[in-house]
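Throughout, read-outs are computed from the coordinates displayed, never taken from laboratory work. Everything quoted here is computed from the prediction, not taken from an experiment. Positions of Cβ are backbone-derived with ideal geometry, glycine not excepted, and every protein chain shown enters the neighbour counts.
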Amino acid sequence: MELLHSRYDAGPHSTISKISDEAGYICYLLEDKMRDEKIHGETAIPTGRYLVTLRTEGGKHADYGRRFPGFHRGMIWIRDIPGYEYVYYHIGNTVKNSLGCPLTGLRAVKNDAGDYETRQSTDAYKILAQRCHDAWDRGEEVWTTITDHKMVL
């Protein structure tokens, strides 16, 4: 399965995207600001194509296991991003929740400072996770391709 992670706008500290697969639109994604030089925990992922797998170690995995018993199989891990470690698609509403990871949302809004935020993040995460789980259950690899379109920086 190929996830298409398409960035289309930005605020002073945020970047907003939509993610889709062959079945269509899945949800919005909120990331940190795009930067020429990476600042740890404050920079969006570079464009490119990355393998997506499950990570079944670490505190976030344990937290999601408690939060979503019977559903959670592991963190949705975007692998092998140069200069980044343990980047996940996960739940959150503002770039303060991101630390370099894309956050899911069914709605995207701009706050008074001009930055994007997401809403209904948990619902969006469950949809994205289920699409990935379904692909893995079919024996497919999951990849994500991150692109920039009509960026306002």
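Based on the Cβ-Cβ distance from Lys60 to Thr94, what FRET efficiency comes out when R0 is 22 Å, to the nearest 0.05?
0.80
Please give the length that would be gained between Gln130 and Glu42 if that part of the chain were fully extended, namely 0.36 nm times their separation in residues minus their C-alpha to C-alpha distance (nm, one decimal).
28.9 nm
How high is the FRET efficiency from Thr145 to Thr53, r the C-beta distance, R0 22 Å, rounded to 0.05?
So the FRET efficiency works out to roughly 0.90.
Helix 121-137 versus the longest principal axis of the chain: what angle, 0 to 90°, nearest 10, using Cα atoms?
Approximately 50 degrees, to the nearest 10.
To the nearest 0.05, what FRET efficiency results for Arg35 and Asp112 with a Förster distance of 25 Å applied to their C-beta separation?
Between Arg35 and Asp112 the formula returns 0.60.
Any chance you could count the Lys pairs in region 2-148 whose alpha carbons are under 22 Å apart, treating pairs 8 or more apart or on different chains as valid?
Close lysine pairs found across region 2-148: 11.
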